[in-house]
Amino acid sequence: MTSDPTLPAERTQLILQELRQQGRVVATELARRYAVSEDSIRRDLRELAAQGLCQRVYGGAVLPAPKAVPLRERMTQDRTGKDELAARVCTLLQPGQVLLIDAGSTNLAIAQQLPGALGLTVITNAPQIATAAAWREGTTVQLIGGRLAAGGGAVGAEALAQVQRLRADVYLPGPCAVDVDTGVWAMDAEEATLKRAMVACSSRIIVAATSEKLGARGNWQIASLDDIDDLVLTTSAPPALAARFRAAGITVHPTLS
């Protein structure tokens, strides 16, 4: 093993850069690449974790889950990216489908762009999404009731009972994090329970995710990689990370040219 001249501070920044591009780093691979001990790499990862820049996992690190932001603030963040995702999702929809749309600011942008000519039926637990979809001519809307959570959607026993009696053609989850190894995550246990029920009653899962949610993990898994049919990304998403999702067998939009 030859000695690598990279200074620890420089090495830490290079590790962070790779983490943002790949969504995950493995300590043994980093130690081999930089010709240092795994203890040195673990110290680097501890330093990044202390700064909130990564989340330590067995054998390495992943990106941290996005910080919780009130819905009213999320609605104004990255509108260009969310509108791009919404337009791309709408091209995947078919006439007459029943859509189950979860709460979330990206899903709100999707509801605002639903093509009226498709004659869609929208079922949602989010009042704002129901209102937006109702404005789309030719779209039928059904609202799921329950206790309104901070994320903007109804949750609880009543909402869960309603979802368990449904069958949808397409489910659009509101993901908090999308990890290339473990799937889709939420940050709240009660919301995660409802999201898992939505996954179970839907034939196709389309996940639309802004870049900061990619490669991260939350606290509660709502879907595995095998559950995801389509992953819709913005053009600014890290190409290497998008390639890893494709390698996992997921159809990623936009597709490679």
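The values are calculated or read from the model by the stated rules, or taken from the named source; none is laboratory data. Since the model is a prediction, treat every value here as computed from it, not as a measurement. Backbone-built Cβ (ideal geometry, glycine too); neighbour counts: all protein chains shown. Surface areas here come from the heavy atoms of the whole protein model, side chains and all, with no ligands, DNA or RNA. Shrake-Rupley method; radii C 1.70, N 1.55, O 1.52, S 1.80 Å.
Calculate how large, on average over all directions, the projected area of the Cα convex hull of segment 103-248 is; give the answer in nm² to one decimal.
8.2
Show me the ranking of peptides 230-242, 85-97 by mean Cβ neighbours inside 10 Å, starting with the highest.
Going from most to least packed, we get 230-242, 85-97.
Below 14 angstrom from the Cβ of GLY116, what's the summed charge of the other residues (Lys, Arg +1; Asp, Glu -1)?
0
For the chain, what size does the Cα cloud have along each of its three principal axes, sorted from largest down, in whole Å?
Ordered largest first, the chain gives principal extents of 66, 41, 32 Å.
Tell me which of GLY156, THR140, GLY23 sits at the most positive position along the dipole axis of the chain, charges placed on C-beta atoms (Lys, Arg +1; Asp, Glu -1).
Sorting the options by dipole projection puts first GLY156.
How far apart, in nanometres, would the label points at ARG43 and GLN13 be if each is projected 7 angstrom from Cα along the Cα-to-Cβ direction?
Spacing of the two 7 Å Cα→Cβ label points: 1.9 nm.
Could you tell me the accessible area of ARG217 in Å² (1.4 Å probe, neighbours in place), rounded to the nearest ten?
40
When the helix-only estimate is applied to the chain (DSSP H runs of n ≥ 4, each -39,500 (n - 2.57), divided by the residue count), what is the mean residue ellipticity at 222 nm, nearest 500 deg cm²/dmol?
-11000 deg cm²/dmol
Listed highest first by mean packing, meaning other Cβ atoms within 10 Å per residue, what order do 28-34, 59-65 come in?
Packing order, densest peptide first, comes out as 59-65, 28-34.
Over the chain, with every protein chain in place, what whole percent of the accessible area is carbon and sulfur at 1.4 Å, could you tell me?
Roughly 52 percent of what the probe reaches on the chain is carbon or sulfur.
Could you give the length gained by full extension between ASN219 and ALA200, i.e. 0.36 nm per residue of separation minus their alpha carbon distance, to one decimal place?
4.9 nm
Might you work out the accessible area of GLU158 for me, using a 1.4 Å probe with all protein chains in place, and round it to the nearest 10 Å²?
Accessible area of GLU158: about 100 Å².
Per residue and in Å³, how big is the convex hull formed by the alpha-carbon atoms of segment 134-194?
That works out to 127 Å³ per residue.
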